[in-house]
Amino acid sequence: MGGRSKLVLILVLVASAIASHILSGGAEPHIPALNPYYYDVLIGIGINIILASGLNLVNGYTGQFSLGHAGFMAAGAYASSWLTLSYGYVLGVGSWATTTAFLIALMLGGIVAALAGLIVGVPSLRLKGDYLAIVTLGFNEIIKGVIQNADAVGAQRGLGGMVQHTTFFWTFAFAAITVYVVVSLVNSTYGRGFLAVRDDEIAAEAMGINTTKYKVLAFVLGAFFAGIAGGLYAHYKQFIHPEGFNFMKSVDVVVMVILGGMGSTAGVCVAAVLLTILPELLRYVAHIESLPEWLRHVAENRMIIYSLLLIILMLTRPQGLFGAVNLKKKRA
């Protein structure tokens, strides 16, 4: 399992590098760069895979319920942006120097988000279920409120001026690394503690497993990956605002985890792709003039259709897209 996972990771990294070169128009002169709109959607898919995979470690594999993932994303986004704006050229002005500074800032942004996860995780993860969800939701709002009142990062005006360092390669390289780390951790001997906490926390404690340690570790790792995703997002959009990391952003990520099947990494990745593309697809349908007017009016209310499709899927397949597959594997 470990060797195969490493091989897949290497292949994804190589494929991402090649695809990034081609999509930027650098492979051959006659291959144009991808349409910026489609490129934006692809970057969004990669970032959502990172977010959903990190949250799946908390909500899916450890059995907790967090609604504060957007807060950790905000912490990473603002920390890495402030660092690149302040020290982005400290290593030099060349592309290698600025890219290295960007990667260092990205890692430090992830660490800041992980520390935020530790701060909220230690006291709150003794709670369970709805109480934990309420605490993490409150923490999300606290982070947003702190940012809105911090002049050093633009406060309510937002923060802009970052160089666009985020590329297809970096986005999907970090997505592949995130998936690899989560899968390897959960399938390791140490990672079985996460599953024990999820399946029966009382029995796990009776067997001597420190359930709080495992829950805090999952929370910190999930927050770290959310911070990485936030840094990639900030250095692609080049402008961030506190309202971009509100409660609805957290709900979007939770829906990806639930739709894909909690505890299913493959399902969560597929759900991240589908739920990134679906709103854009409905937006496209609404502007096709050859379609009947009534159909275009229906597509204009894309968020209603989007919500209805999710409700129907949850009613017909409550275990998620790949939930049953994982269950069969465990029984086998």
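The values are calculated or read from the model by the stated rules, or taken from the named source; none is laboratory data. Small disclaimer: the values here were computed from a predicted structure and weren't measured. No Cβ is skipped: glycine too gets one built from the backbone with ideal geometry, and neighbour counts run over all protein chains shown. Ligands, DNA and RNA are excluded from the accessible area calculation, which covers all protein heavy atoms including side chains. Shrake-Rupley method; radii C 1.70, N 1.55, O 1.52, S 1.80 Å.
Quick look at the values:
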| read-out | value |
| --- | --- |
| Scaled radius of gyration (Cα, divided by 2.2 N^0.38 Å) that the chain gives | 1.02 |
| Ordering of 225-232, 62-69 by burial proxy (mean other Cβ atoms within 10 Å per residue, highest first) | 225-232, 62-69 |
| Rg/Rh ratio calculated on Cα atoms of the stretch 54-99 (Kirkwood radius) | 1.26 |
| Residues of type aspartates and glutamates that LYS128 reaches as a straight line, Cα spacing below 16 Å, ignoring anything fewer than 8 places off in the same chain | ASP199, ASP200, GLU201, GLU205 |
| Normalised contact order of the chain, rounded percent, pairs of Cα under 8 Å and 6 or more residues apart | 29 |
| Cα shape, the stretch 133-231, gyration tensor, a/c 1.5 rule | oblate |
| Helix-only CD estimate at 222 nm, as mean residue ellipticity for the chain, using -39500 (n - 2.57) per DSSP H run (n ≥ 4) | -24000 deg cm²/dmol |
| Contour minus Cα-Cα distance for SER188 and ALA266 (0.36 nm per residue) | 26.3 nm |
| Ellipsoid semi-axes in whole angstrom, largest first, where each is sqrt(5λ) of the Cα gyration tensor of the stretch 117-170 | 30, 18, 9 |
| Charge dipole (the chain, unit charges on Cβ, about Cα centre) - positive-most of ALA152, VAL253, ILE43 | VAL253 |
| Difference of contour (0.36 nm per residue) and Cα-Cα distance, ILE277 to THR316 | 11.9 nm |
| Longest to shortest principal axis, alpha-carbon extents of the stretch 182-332, angstrom | 64, 40, 23 |
| Carbon plus sulfur fraction of accessible area for the stretch 207-332, probe 1.4 Å, in percent | 68 |
| Å² per residue, accessible surface of the chain at 1.4 Å | 49 |
| Geometric extent, Cα atoms of the stretch 249-302 - Rg, Dmax (angstrom) | 14.2, 43 |
| Tail fraction, Cα-Cα pairs, the stretch 35-164, threshold 18 Å, whole percent | 62 |
